[in-house]
Amino acid sequence: MMRLKPLLRYKSSLVGVGILCFLIILSVYTVATLPFEEAARLWRAGELTWLDNPRNALPAWVNFFSPTKLPETLILNTQKPGPDVIKVSVRAGENIKISRVEMNFRYGFDDFPSEINLFFTSTYRTSPPQLTISWTKPDGTQIPLRRMTIAREDRFYISSDTVLSTELNQLMENRLGRKPAYTVPTSTILFGPFDETLLNPESVKVVKGDYRLSVEGLLFEPEADFDVKLVVYGKVYGWAGTDHLRRDIGIALLWGTPIALLFGVSAAVSIALIQMTIGAVSAWFRGGVDTVMQRITEVFLVLPFLPVLIMVSTLYKVNIWVILLIVVFLSSFGPGVKNYRALFLQLRESPYIEAARSYGAGDLRIVVIHLIPRVLPTMIPSVVLSAADFVFLEAALAILGIGDPITPTWGKVIQDAFYFGALFKGHYYWVLIPSALLAATSISFALIGFALDKIFNPRLKEV
Amino acid sequence: MLVAGEGEWMNTSENIVELDDVRVYFPVRRFLSVAGYVRAVDGVSVVINRGETLALVGESGSGKTTLGKSTIGLVKPTSGKVLFDGVNIAELDEKQLKKLRRKAGVIFQDPYSSINPGFTVYRAVEEPLVINRIGDSKERRERVFRALSDVKLNPPEFFASKYPHMLSGGQRQRVAIARAIISNPEFIVADEPVTMLDASIRVEILLLLREIQQKHGLTILYITHDMATAKYFSDRLAVMYAGNIVEVGPTKLVLKDPKHPYTQALIEAVPEPDPRNRLGLRKVVPGEPPNPANPPSGCKFHPRCPQFIKGKCDLQQPNSLKLADGREVSCFLYDRGP
Amino acid sequence: MNLLRPVLYLARRALVLALTVVVAVYAAIYVANMGGYVDEIVKGEALLRVSQEVRANPAYRGLNETQVRNLIDQLYQLELRRLGFDQPFIVRSFNYLYSALSLELGRSLFLSSDSGSRSVRVIIMERLPNTVLLFTTTQLILFFLGLFTGLYLSRRYGSRVDKVISLLTPLSSLPGWFYGLFLILLFASILRILPYGGMVDVPPPTDRFQYALSVLRHMVLPVLSWLTAYFFISAYTRRTFFLIFSSEDYVEVARARGIPEPLVRRRYILRPTLPPIITDLSLTLLASWTGAIITETVFNWPGVGSLFYVASVTFDTPVLVGLVVIYAYLLAITVFVLEVVYAVLDPRVRAGVMTR
Amino acid sequence: MVNSKVLEVRNLLLHYSTVRGVVKAVDGINFEVSKGETLAIVGESGSGKSSTALAIMRILPRNVAAYGGEVWFKDLDIMKIDEEEFRRKVRVEGISMVFQGAMNSLNPVIRIEDQVAEPLIVNMKFKRDEAVSEAHEALKLVGLDPAIGRRYAHELSGGMKQRVLIAMSLVAKPSIIILDEPTSALDVITQANIMNLLKRLKEELGFTYLFITHDLGLASELADRVAVMYAGKIVEIGSCEDVYIHTKHPYTKMLLDSVPTLREDKHPAFIPGAPPDLVKPPTGCSFHPRCPFIVRGKCDVETPPMLYAGEGHNASCWLLEKESG
């Protein structure tokens, strides 16, 4: 394609090509590494699948730009023992066993974790294990957290447990001899210093250092055992953060890329091809066929596009590819037909077509060899430009809540964000990242489209 | 005439093209109905002899291009007979027409747009062979190169790979000629082949055309508005006005002693380099050619004719009269009938 | 001058457009009820409504379960007849087509107007002025801004301003509502100087002037979002358009004859290009009256667009069809008026109308 | 006759910049036109004849690379005045121009009479009805029915449009009219009619023309003097008789020989080769690659100056130097 070379002459289109290449690489990467079924399943799975993720976490890269390092999520699990996770079991009688778990970790972030949870699994026949859980701060202070009997699947939401919170606040009050003006969150007490700063939520600072969670388990059956998982939830996660359901937004955004590109490009290309075909048929046969085509075009003109699209897609609960089909169908008799028709009418009168007829070229050959290759270049810029529109159309439908309920798309992420008040609560990343991707896609198409327009349809001699 | 089973043509006719009362009307469409007709060609009878060059001269809108197209079936006549090699092509279907067009070539006025700008010279010249499935690729290659050197695009290898926009107007017209002669036609319609070219190279292209004609024994229908080139590059001359041929005969004779008032007016109007020109006015007929959708009654030239006979020219259409010197004129001035 | 021809021509065009409207409206009705899908919803709703009414009505409290069921069934059948279910769809569709075309748009299924009416016509007519107010303002500002910037740029082709505008044109590939989101973020969420959405403060000011002021304040963001989105492209296209037309031979001739530049621009560039510009303006105006569904939803503007959205998600078919009908009528009328305007403005078209 | 010069062009230069390089469309030409006289500039396409007209009228495309020289209109160097003064002194009443391509030279939405009258109203403070009656006079002068003034451009035939353009050019009574291929789109008979009209206006009203054409025959219809252009330069200039009969430049001679003639029997000959590429013109005389009389080492090296070939007759050819000794 030697005619595409000039594309690289324009700086603006170079930027567009760059962005588009990046998006294409991202799409290929996504499709290759994360199968769609898997992504869709993950996206629709409930909170259980995502238990280890923080809720509404910012993207991890915000730490690059901020002097205070926000915490990342720390997970310690007895099923994955190591130097940090030590589990020792001692037989203390015929049926009694004592298991001691120590989880050591270093906490070096500048902000408190968003949540702290403990998850347990245990095996026993009739008597469940009894655990004593305590917390050790870097200075050696030990805080007993709870004594509890656990079920086979159990959990202890340390940071949101109201009983523990009251106990800890009481403990603190005793130590400081003063009562803070607010209920100090559990995570602040566990990760903060026991001093005056605690009295003011603005001034309290994280104590960095080595923390330890100890669990002492009393097991009443010889076969009984238990496992512990500690999750200290951070405030940043992945490259796109998480949503209100702890889901990794990155998954939706990754899969949103190939879907947006595919939707935009296939809508644009197929509409252009259909419109071109209709225009060509109209222009080639003229007469009655042409009149009929023109009337149909007028009917489509009178039907408002977006309302009808919304009507159809709400009434018939459709997925994204059916929406694509509807979009293509509704646009196939769009105003573009008129342009193509005019173009073909003009071309069919051109002397080289007449010449081809004179030496015996048939209709099919003239259309395929002589006409379409002449029309294609004029078509490309508008196709590229309209691809941008269709990317946004999909997003718009999703934002209205009309899109595909299964497929994760950029628009869906934005819609979730709005629905759950991201802008009111200050979760700007939730809207900004998908928006930026949308904008980048659209602008890259536009940059390329405008450059192509200048190359293929030079209406003005550029000086 | 079609030889049964073979699907090949046989030369049975002395005249390569014979038109008999050909009319070409284009309907002017209105909403679901026809409002009227543009009479582009309105009753033309003429023959083109094998091996000659017939110049068809007329002003724009006189129907000369339409007439040219109708000789090779690019335009279907509304009525009348078009015999090409003795076969009435008005009765042929597309497939048979296609076969017949192999024997004809066309050169168009505008060398800038008569070649597909996306094709190389090679592809443009080769295409008629490809379409008519003539030869294998090696044979086609030889023929293309031969045609290119016939039109003096030397070396052919150099020009074959060029795109039309890389060539000058004259070179492009040579490409068009090469394409027209590639399938060894017998008849060529050259529609204003040099009008768009510069004066200094017009003659060169016309001489080339003449040379190719002699080499291949071609018959040429040379359509032009330029009497002067017709003088040097045609054997016979037909003058067309508003869809009719008003005068036809040997070129020299017609130009030396034009009979039809329109031919006279046309010749009188031609300016030639002569310093004396500026000293006097030309004798010209007033007005402009009629609207072909609504031509005047009788002889179509009568509203402008200096020798108009009232009550005759405006009522009746003059018939074509054969004069003694081999000419035919459609004018009442020479009608010595009853 | 012969007046019969143009009148005949326009009459024929009117007929064709009317036919187009009929076909389009019928298509809309058909799509809205394709496969009886909507029928089922409507029937279910009707049953629910009837049974709720019966059970809530103290007059029927004494009846036993069978009696109640019979009663419900009776009333349900009555309700179905009221909704026209006793006839096959094909008949109903034509009945509906007839009433739709005569603007008897019927009663909505679920939605009601602010004044409590269930008449589709009342509901739509209540919303239409709001949409027209917002988007006519937007489009007119956009149009004149684009027109004059375009004219200015075409005179300064290749200058720095021109280059900057051309460079910024790709920004117009993002739609207005998208910019709206960020304008809301900036002006409402962060700066808190303009409202998030809606059309007037709650509660609405009683003072007429205050009311108008409040509406204006609410219009700022939507208007601004569209200006941000479409200003560049409209200036750019106008500029290119004028550049092409200012290289026409007659413009050059006028300049060569010493016609002063402002006059050349007005009479030789602007005037001959007026017909397409007017078409452009009227069609975009019209399109914006319905096409702004997302913008209206984003800004919570109580116009036809958001009505359409609500009607869609609540499956209120009569409202949907009513909207399509009104739009189809508006468009057909606009196209027709445009043809008349064309014939007045452009002598070439006028001639075409005369002779065709 | 007092030789009062209306227009005098000295070393006029107009270069365009294109993707391929600088095109020297007009490359330092000199000529003058006296009152009541017609100078024809003859040349093939790309010789720079139309660019000469545009340069005089200061109608420049956007890609001008160089524009210079002197253009004296009466006793004013119009290259030195600003746009507004140029408009008032040259365009309004001084020099008018008839463009080629009459098809598109009229505003499609303004009535003919208003277009013809427009400069009178806006520039010369005529009342509207006075101006319109002037316009009707002008239409009559070019042989049109004044009733045509009520029509629009698309209602006229090509010949009528051309006449309207001529009427437009003379309505403000300019000192000189530039005719740029005024008949090239017209049929022979219509062309002859227009030429007759121009001749009559010249004879009866003493018009001064600068007539630009590619057609040597057409030039001889109107021209008192002829300038032949080739590759941006004037190669020969002189009276009609001088140029056509006592031809000095080989290009002029060969161009004359290439014209097929109806009335005389001589076989036309063509000029071999193609006109030069104006981006990379040949060294020396730009005609030397096609010239049969080329003097090697001279013509292909040095550009010939305008040499004396007779009273008021000059040609830029080295052969003349030899002749005169």
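The values are calculated or read from the model by the stated rules, or taken from the named source; none is laboratory data. Source: prediction; values computed, not measured. All Cβ positions, glycine included, derive from the backbone under ideal geometry; neighbour counts span all protein chains shown. Ligands, DNA and RNA are excluded from the accessible area calculation, which covers all protein heavy atoms including side chains. Shrake-Rupley method; radii C 1.70, N 1.55, O 1.52, S 1.80 Å.
Tabulated data
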read-out: DSSP beta bridge pairing in chain B, given as percent antiparallel to the nearest 5; value: 60
read-out: Within chain D, helix-based [θ] at 222 nm, where runs of 4 or more DSSP H residues each add -39,500 (n - 2.57), nearest 500; value: -8500 deg cm²/dmol
read-out: About the Cα centre, charge dipole magnitude for the protein assembly as shown (Lys/Arg +1, Asp/Glu -1 at Cβ), debye; value: 780
read-out: Point-charge dipole on Cβ atoms (K/R +1, D/E -1) for chain A, about Cα centre, debye to 20; value: 1320
read-out: Of B:Lys252/B:Lys322; A:Lys87/A:Lys229; A:Lys11/A:Lys454; B:Lys103/B:Lys215; B:Lys64/B:Lys231; B:Lys152/D:Lys253, those spanning more than 19 Å from alpha-carbon to alpha-carbon; value: B:Lys152/D:Lys253
read-out: Rounded accessible area of B:Tyr37 (nearest 10 Å², 1.4 Å probe); value: 110
read-out: Residue of B:Phe301, B:Phe233, B:Phe158 that the Gaussian network model of chain B assigns the largest fluctuation, springs spanning Cα pairs under 10 Å; value: B:Phe158
read-out: Candidates B:Asn116, B:Asn88, B:Asn277, ranked by Gaussian network fluctuation over chain B, Cα under 10 Å, top entry; value: B:Asn277
read-out: Partners for D:Lys89 among lysines (Cα-Cα distance below 20 Å; same-chain residues under 8 apart left out); value: D:Lys5, D:Lys35, D:Lys74, D:Lys80, D:Lys125, D:Lys173
read-out: Antiparallel %, DSSP beta bridges [both residues in the protein assembly as shown], to 5; value: 75
read-out: Label point distance in nm, D:Arg128-A:Tyr157, each placed 7 Å from Cα along Cα→Cβ; value: 8.3
read-out: Label-to-label distance, nm, for residues given as B:Asp235 and B:Ser168 (7 Å Cα→Cβ offset); value: 3.2
read-out: Cα gyration tensor shape of the range A:216-307, rounded if a/c is under 1.5, else prolate or oblate by comparing a/b with b/c; value: prolate
read-out: Rg(Cα)/(2.2 N^0.38 Å) for the range C:133-259, N = residue count; value: 1.39
read-out: Computed helical MRE - 222 nm, chain C, DSSP H runs ≥ 4 contributing -39500 (n - 2.57), nearest 500; value: -24000 deg cm²/dmol
read-out: Kirkwood Rh, Cα atoms: Rg over Rh of the range A:1-152; value: 1.18
read-out: Kyte-Doolittle mean at least 1.6, axial Cα span of 18 Å or more - DSSP H helices of chain C; value: C:4-32, C:317-345
read-out: D (Stokes-Einstein, µm²/s), Kirkwood Cα radius, the range B:169-254, 1.567 mPa s at 4 °C; value: 95
read-out: Members of the range B:75-102 that become less accessible by 40 Å² or more once partner protein chains are added (1.4 angstrom probe, chain alone as reference); value: B:Arg101
read-out: The range C:240-293 versus the range B:193-245: alpha-carbon centroid distance in Å; value: 45
read-out: Bins of 5 Å, starting at 0 and running to the largest distance - Cα pair percent for the range A:70-233; value: 2, 8, 17, 21, 19, 13, 9, 6, 3, 1, 0
read-out: Part-to-part distance (alpha-carbon centres) for the range A:324-400 and the range A:139-215, which is given in Å; value: 69
read-out: Dipole magnitude of the range C:221-316, debye to nearest 20 (Cβ charges: Lys/Arg +1, Asp/Glu -1, about Cα centre); value: 500
read-out: Solvent-accessible surface (1.4 angstrom probe) belonging to A:Arg365, in square angstrom, nearest 10; value: 70
read-out: Against the rule of thumb 2.2 N^0.38 Å, how large the Cα Rg of chain B comes out; value: 1.05
read-out: Rg(Cα) / (2.2 N^0.38 Å) computed for the protein assembly as shown, rounded to two decimals; value: 1.22
read-out: Angle between chain A longest axis and helix A:428-456 axis [Cα atoms, degrees, rounded to 10]; value: 20
read-out: Residue order for A:Phe156, C:Phe143 - accessible surface, 1.4 angstrom probe, largest first; value: C:Phe143, A:Phe156
read-out: R0 of 41 Å, Cβ-Cβ distance D:Trp72-C:Val161: FRET efficiency to nearest 0.05; value: 0.60
read-out: Histogram of C-alpha separations across chain A, 20 Å bin width, %; value: 19, 37, 24, 14, 5, 0
read-out: Tilt relative to chain A, helix A:305-315 - C-alpha long axis, 0 to 90 degrees, to 10; value: 50
read-out: Dimensions (Å) - chain D, Cα atoms, principal axes, largest first; value: 67, 49, 46
read-out: Helix-derived mean residue ellipticity, 222 nm - over chain A, DSSP H n ≥ 4, -39500 (n - 2.57), to 500; value: -16000 deg cm²/dmol
read-out: Radius of gyration and Dmax over the Cα atoms of the range C:127-354, both given in Å; value: 20.7, 66
read-out: 30 Å Cα-Cα threshold exceeded, pairs from B:Lys95/B:Lys162; B:Lys162/D:Lys298; B:Lys81/B:Lys300; value: B:Lys95/B:Lys162; B:Lys162/D:Lys298
read-out: Mean shadow area of the range C:17-101 over all directions, Cα convex hull, nm²; value: 6.3
read-out: Counting DSSP beta bridges with both ends in chain D, the antiparallel % (nearest 5); value: 65
read-out: Descending semi-axes in whole angstrom, ellipsoid equivalent of the range D:106-173, from the Cα gyration tensor; value: 18, 12, 10
read-out: Sequence-distant lysines (8 or more away, or on other chains) whose Cα lies within less than 16 Å of D:Lys248; value: D:Lys233, D:Lys322
read-out: Label-reachable residues, the range A:52-74, where backbone N falls under 17 Å from a point 7 Å from A:Arg106's Cα toward its Cβ; value: A:69-74
read-out: Lysines whose Cα lies under 26 Å from that of C:Lys43, excluding same-chain neighbours fewer than 8 positions away; value: A:Lys317
read-out: Point-to-point label distance, B:Lys138-D:Asn104, nm (Cα→Cβ direction, 7 Å offset); value: 5.1
read-out: C:Ala59/C:Phe85 FRET efficiency (R0 22 Å; Cβ-Cβ; nearest 0.05); value: 0.25
read-out: Highest-MSF residue in chain D out of D:Glu134, D:Glu311, D:Glu32 [GNM, Cα springs under 10 Å]; value: D:Glu311
